[in-house]
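To start, the structure itself, in structure tokens.
The values are calculated or read from the model by the stated rules, or taken from the named source; none is laboratory data. Fair warning: this is a prediction, and the values are worked out from it, not measured in the lab. All Cβ positions, glycine included, derive from the backbone under ideal geometry; neighbour counts span all protein chains shown.
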Amino acid sequence: MRLRSALSIRSLLLFFAAALIFILCVIPFASLIYRVVSADGDFSIAVFGDVIAAPAVRLAVVNTLKVCISITALSLIVAVPLAWLITRWDLPFASRARSWLSLPFAIPPYVGAIAWIYLANPSTGLFNNVLGAPIFNIYSVTGLIFVETSFLYTFVFLGVTSALDRMDSSFEEAARLSGASPWRVFRDITLPIIRPSLMSGGLLVFLAAVASFGVPALIGGPARIYLLTTQIYNFQRIGSMSGFLKAAALAILLMFVALFLLIASQIVISSKKMQTVSGKTARPSTFSLEKWKWPAFAVVAFFWCVVFVAPVTGILLSSLSRTQGDLALANFTLANWTRILFETDETVRAFRNSLLTAAGAATLASVVAIFVSYISVKTRLKGRAVFDLFSSLPYAIPGTVVALALIMSFSSSFLGVLPSLYNTLTLILIAYFVKYLSFSIKTMSDGYRQIDDVLAEAAHMSGANWSQTLVTIWIPLLMPALIASWFLVFMPALSEMTMTLLLTGPGLETIGTLTFQLQEYADASGGGASVLALIVIATVILINVIVKRVSRGKYGL
Amino acid sequence: MSTVEFSNVSKAFPGGAGKAVDDFNLKIASGEFVSFLGPSGCGKTTSLRMLAGLERNTSGRILIDGVVVAEPESRLFVPPEKRHVGMVFQSYAVWPHMSVFENVAYPLKISKRPKAEIAQRVTEMLAVVELSGLEQRMPSQLSGGQQQRVALARGLVMQPKVLLLDEPLSNLDAKLREKMRVDIRAIQQKLGLTVVYVTHDQVEANTMSDRIVIMRAGHIVQTGTPDEIRRAPVDAFVADFIR
Ligand SMILES: Nc1ncnc2c1ncn2[C@@H]1O[C@H](COP(=O)(O)OP(=O)(O)O)[C@@H](O)[C@H]1O
Ligand SMILES: [Mg+2]
């Protein structure tokens with residue numbers, strides 16, 4: 001009798017988690033497609049043709065390809081040598097350099113855009129002022145590629161360093177003993193073996209670049225350089241139904257491109273996968289830099305200054321400057337801080353809204369992940385792989401598309417049950433949940449995998465039912481994973497900009513949308529956006545430190 | 001063929017407690033088969049890797065063929081790619097993206113030998129390790145024992161001064177292990193190789209070696225032929241270990 005009731009609680013909770021994922025992660029996209037193809041009463045895919053035919057869209061496609069391919073190539077070119085240098089040579093402070101260079105991964109790229117606009121805009125940019133001539137113009141394709149790369153290279157850097165760590169070091173040692181120079185070892189052995197990580201790193205960069213919105217909007221906008229995401233935003237902002245349909249049609253195309261790339265690459269990568277990871281990971285013997293030790297260190301340090309120190313310093317100066325780009329002592333003031341923090345109603349609302357929605361999404365995602373990860377790791381339930389797939393779908397889809405899909409599904413009353421969620425914090429919370437759920441599931445699945453089943457079995461033996469086992473055994477043991485999972489959703493949600501800009505409305509400011517608004521028009525010459533950006537950076541770094549602590553170095557930077 | 005000499009060699013890992021290898025002294029004659037024998041963690045691998053140049057000794061000096069290859073006191077260090085030693089790893093380290101032929105040919109390709117010579121030498125070497133006919137196979141299509149033989153052929157193809165083997169048989173099943181013991185010893189005798197062989201298995205050490213170096217906690221406890229050690233172990237540890 002007890003067994004039956006236990007089973008039914010378990011099935012009920014599992015069913016609920018599954019239904020939630022289906023409703024939030026799958027139906028919106030299906031309904032986005034349905035609404036677009038059936039817009040004029042009957043099914044027609046003509047709308048896609050019309051959208052593609054528009055010259056502005058054509059230009060956006062060309063720009064997107066040009067920019068994203070450049071970003072991907074540049075990221076590979078800078079990140080692979082850095083990863084190799086740090087993991088295989090006797091670089092001074094190598095392990096510290098590794099965390100320094102990973103830092104930009106945690107910071108939203110729009111923060112970098114704000115910083116580089118302060119440093120290198122053509123009229124009042126600090127560098128141009130100091131040099132006395134308008135040499136740098138961040139409002140350009142080059143500027144856009146530069147700023148995006150300075151963040152996205154971390155995708156390749158993190159993936160490749162971890163592949164190099166995991167690689168059986170005797171492959172390379174055998175090559176050295178065969179007489180190969182460091183360069184030959186790299187070219188003949190290391191590179192071919194890490195190629196799958198290289199390709200997936202490159203793909204992640206490309207997808208992230210295609211999906212990026214903040215940087216193209218802030219840097220491309222003033223130069224009238226539009227990418228697909230910013231073009232979708234333009235259509236949506238027209239405010240009419242036809243504008244919305246155009247935005248949605250373009251979004252669907254973007255979604256399919258992203259999914260196609262992801263699936264195609266998965267096939268290519270898995271076909272190339274080789275067994276190269278040995279159980280034992282000895283510290284590999286490093287190459288000796290000899291007299292190049294300090295020059296190499298200087299190069300790494302300089303690179304770090306470009307991608308991290310310069311933008312953070314820029315943001316700090318900007319937030320303290322009365323007139324942007326002026327270094328005169330009299331120009332420095334705390335006025336921006338007091339204005340933004342204490343004299344602007346929106347700021348308080350933005351912080352409250354961001355905290356509420358990010359914490360809500362993080363909590364919901366972690367709770368759902370407790371069940372979904374349980375299913376995928378600890379049961380042999382048929383079709384459990386589908387959960388993983390469905391929940392990771394929205395992460396692969398550009399945020400712009402996710403937001404439009406949610407608007408489409410939830411703006412009229414959903415299935416006749418829920419009231420309309422358009423222009424509510426709830427919809428923003430749902431967007432964060434949907435977008436970042438896969439972080440939670442991945443973290444919790446890792447957590448479950450590390451816990452031996454016998455612990456739960458022992459609890460069953462002592463008479464505990466399923467829910468008692470969950471509460472008394474699994475959850476306490478999973479606490480570090482649970483905390484990491486919570487923060488891994490909370491952190492990106494707190495400063496999210498792309499989706500929120502489409503979902504926001506009066507009174508629904510968040511840190512991301514307020515920053516955008518201040519930078520774009522409300523406080524364009526005032527450095528107000530920099531105040532918020534600096535707070536975002538500080539928060540992100542703080543959270544990373546916490547996550548690293550609680551997960552004992554497994555998560556966080 | 002070549003001699004090897006360790007003279008007062010020590011190794012302390014940064015952050016490690018104590019020395020992994022402490023005051024290691026040993027002379028190996030040309031054509032000699034010497035085994036380092038001892039329990040796990042006693043410093044066998046570290047000693048071998050210092051000889052290969054994969055690890056740097058923190059003091060003392062190492063000579064190959066009478067030439068100093070590592071002496072931290074005089075900041076002298078010859079990197080592994082310039083030491084002309086062959087090595088067979090416990091994990092075999094057969095490169096997964098290269099065929100059997102390409103694996104074995106690699107050291108020759110690096111030293112820019114002519115194509116015809118490479119083909120001939122690889123064929124010869126594969127015959128020695130009994131892998132003729134498998135030239136075009138990829139490592140994923142080979143058994144553990146066959147991969148082991150590829151690694152051996154690759155280590156030997158350059159006619160190295162010394163061949164180093166680190167527990168090469170520990171991943172093989174018992175039967176294959178026995179056959180490989182005999183084969184490795186036969187190849188060593190045939191080619192007159194100087195071999196340093198690391199193992200924690202006293203049977204391997206006893207049956208293959210000219211001389212055994214017994215180690216414990218980074219120190220050499222006893223050196224001698226298998227017979228000498230069996231007849232006169234210096235202490236209870238050795239007696240117990242060699243039994
Ligand atoms: N890379 C390393 N860093 C720190 N300590 C190490 C490293 N490699 C080996 N050691 C330590 O040195 C000692 C000897 O190790 P090793 O030579 O591998 O022993 P064996 O091969 O005899 O099992 C051990 O105590 C081991 O923990
Ligand atoms: Mg060992």
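What single numbered condition from (1) in contact with a Phe, Trp or Tyr (Cβ under 6 Å, 6 or more places away or on another chain); (2) closer than 22 Å to B:LYS11 by Cβ fails to hold for B:HIS200?
So the condition that B:HIS200 fails would be (1).
Of the conditions (1) within 16 Å of ligand 2 (Cβ to nearest atom); (2) free of Cβ contacts under 8 Å to residues at least 40 places away in the same chain; (3) away from every other protein chain (no Cβ under 14 Å), B:GLY16 clears all except one; give me its number.
For B:GLY16, the exception is condition (3).
Go over the candidates A:ALA133, A:ALA120, A:ALA113 one by one and state the one that is among the aliphatic types (A, V, I, L, M) and either surrounded by fewer than 16 Cβ atoms within 10 Å (Cβ to Cβ) or at pLDDT below 90 (or both).
A:ALA133
Considering only the stretch B:189-222, how many residues are assigned to a strand (DSSP E or B) and within 30 Å of B:VAL129 (Cα to Cα)?
The qualifying residues number 9.
For the stretch A:321-331, check the following and say yes or no: at least one residue is crowded, with 18+ Cβ neighbours inside 10 Å, of a type in the set (Gly, Ala, Ser) and outside the structural domain of A:VAL130 (by TED's automatic domain parsing).
no
In the stretch B:163-173, which residue that is within 18 Å of B:ALA186 (Cβ to Cβ) and more than 11 Å from the chain's Cα centre (by Cα) is surrounded by the fewest Cβ atoms within 10 Å (Cβ to Cβ)?
B:LEU172
So is A:LEU152 in contact with a strand residue (DSSP E or B) (Cβ under 6 Å, 6 or more places away or on another chain), buried (at least 23 other Cβ atoms within 10 Å of the Cβ), under 28 Å from A:THR286 (Cα atoms) and hydrophobic (A, V, I, L, M, F, W, C) or not?
no
Before we move on, is A:THR313 surrounded by fewer than 21 Cβ atoms within 10 Å (Cβ to Cβ), in a helix (DSSP H, G or I) and of a type in the set (S, T, N, Q)?
Answer is yes for this residue.
Would you check which residues across the stretch B:148-191 are closer than 12 Å to B:GLY86 by Cβ, within 14 Å of chain A (Cβ to nearest Cβ), more than 16 Å from ligand 1 (Cβ to nearest atom) and not charged (D, E, K, R) and list them?
Those that are closer than 12 Å to B:GLY86 by Cβ, within 14 Å of chain A (Cβ to nearest Cβ), more than 16 Å from ligand 1 (Cβ to nearest atom) and not charged (D, E, K, R): B:ALA151, B:LEU152, B:ALA153, B:GLY155, B:LEU156, B:VAL157, B:MET158, B:GLN159, B:PRO160, B:VAL162, B:LEU163.
When you go through B:GLY66, B:GLY53, B:GLY43 one by one, which is the residue that is more than 16 Å from ligand 1 (Cβ to nearest atom) and either over 15 Å from B:PHE6 (Cβ atoms) or touching a residue at least 12 places away in the same chain (Cβ under 8 Å) (or both)?
None of the others qualify; the one that does is B:GLY66.
Among the helices (runs of 4 or more DSSP H) confined wholly to the stretch A:341-431, which include 1 or more residues that are over 30 Å from A:THR64 (Cβ atoms)?
In the stretch A:341-431, A:345-373, A:385-396 are the helices (runs of 4 or more DSSP H) which contain 1 or more residues that are over 30 Å from A:THR64 (Cβ atoms).
Each row is one residue, and each column tells you yes or no for (1) hydroxyl-bearing (Ser, Thr, Tyr); (2) without any contact (Cβ under 8 Å) to a residue 24 or more places away in the chain; (3) surrounded by 23 or more Cβ atoms within 10 Å (Cβ to Cβ); (4) over 25 Å from A:LEU191 (Cα atoms).
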position: B:PHE101; (1), (2), (3), (4): no, no, no, no
position: B:LYS112; (1), (2), (3), (4): no, yes, no, no
position: B:GLU117; (1), (2), (3), (4): no, yes, no, yes
position: B:GLN141; (1), (2), (3), (4): no, yes, no, no
position: B:GLY144; (1), (2), (3), (4): no, no, no, no
position: B:ARG154; (1), (2), (3), (4): no, no, yes, no
position: B:VAL157; (1), (2), (3), (4): no, no, yes, no
position: B:LYS161; (1), (2), (3), (4): no, no, no, yes
position: B:LYS175; (1), (2), (3), (4): no, yes, no, yes
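For the stretch A:115-206, which helices (runs of 4 or more DSSP H) that fit wholly inside it have 3 or more residues that are within 14 Å of chain B (Cβ to nearest Cβ)? Spell out how you get there, then give the answer.
Values: elements: A:126-131, A:141-166, A:169-177, A:182-185.
Where helices (runs of 4 or more DSSP H) fall fully within the stretch A:115-206 and carry at least 3 residues being within 14 Å of chain B (Cβ to nearest Cβ), they are A:169-177, A:182-185.
Would you confirm, using the coordinates I've provided, whether B:VAL68 is aliphatic (A, V, I, L, M) and more than 9 Å from chain A (Cβ to nearest Cβ)? First the steps, then the outcome.
Numbers: aliphatic (A, V, I, L, M): yes; more than 9 Å from chain A (Cβ to nearest Cβ): yes.
So B:VAL68 fits the description; yes.
Are any residues in the stretch B:66-93 within 16 Å of ligand 2 (Cβ to nearest atom), not in a strand (DSSP E or B) and not small (Gly, Ala, Ser), and if so, which ones?
B:PHE89, B:GLN90, B:TYR92
Quick check, is A:ALA529 surrounded by fewer than 24 Cβ atoms within 10 Å (Cβ to Cβ), assigned to a helix (DSSP H, G or I) and at pLDDT below 95?
no
For the stretch B:29-40, enumerate the residues that are among the hydrophobic types (A, V, I, L, M, F, W, C) and within 12 Å of ligand 1 (Cβ to nearest atom).
Hits for the stretch B:29-40 are B:PHE36, B:LEU37.
Pairs, please: C-beta under 6 Å, at least 6 apart or cross-chain, first residue without any contact (Cβ under 8 Å) to a residue 24 or more places away in the chain and in the stretch A:243-262, second surrounded by fewer than 21 Cβ atoms within 10 Å (Cβ to Cβ)?
The qualifying pairs do not exist here.
Across the stretch B:19-42, what is the number of residues that are of a type in the set (Gly, Ala, Ser), more than 14 Å from chain A (Cβ to nearest Cβ) and surrounded by 18 or more Cβ atoms within 10 Å (Cβ to Cβ)?
2
Give me a count of the residues in the stretch B:97-130 that are within 14 Å of chain A (Cβ to nearest Cβ), of a type in the set (Val, Ile, Thr) and out of contact with any Asp or Glu (no Cβ under 9 Å at 6 or more places or on another chain).
The qualifying residues number 1.
Any idea which of B:PHE77, B:PHE89 is more than 24 Å from B:ALA151 (Cβ to Cβ) and within 10 Å of another protein chain (Cβ to nearest Cβ)?
The match here is B:PHE77.
Just give me the residues in the stretch B:37-59 being away from ligand 2 (no atom under 13 Å from the Cβ) and either in contact with a His (Cβ under 9 Å, 6 or more places away or on another chain) or part of a strand (DSSP E or B) (or both), in sequence order.
Correct list: B:SER59 only.
Condition check ((1) in the same structural domain as A:ALA60 (by TED's automatic domain parsing); (2) surrounded by 24 or more Cβ atoms within 10 Å (Cβ to Cβ); (3) in contact with a strand residue (DSSP E or B) (Cβ under 8 Å, 6 or more places away or on another chain); (4) charged (D, E, K, R)) across all residues:
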site	(1), (2), (3), (4)
A:ALA174	yes, yes, yes, no
A:SER178	yes, yes, no, no
A:TRP183	yes, no, no, no
A:ILE189	yes, yes, no, no
A:ARG195	yes, no, no, yes
A:GLY201	yes, yes, no, no
A:VAL210	yes, no, no, no
A:PRO216	yes, yes, no, no
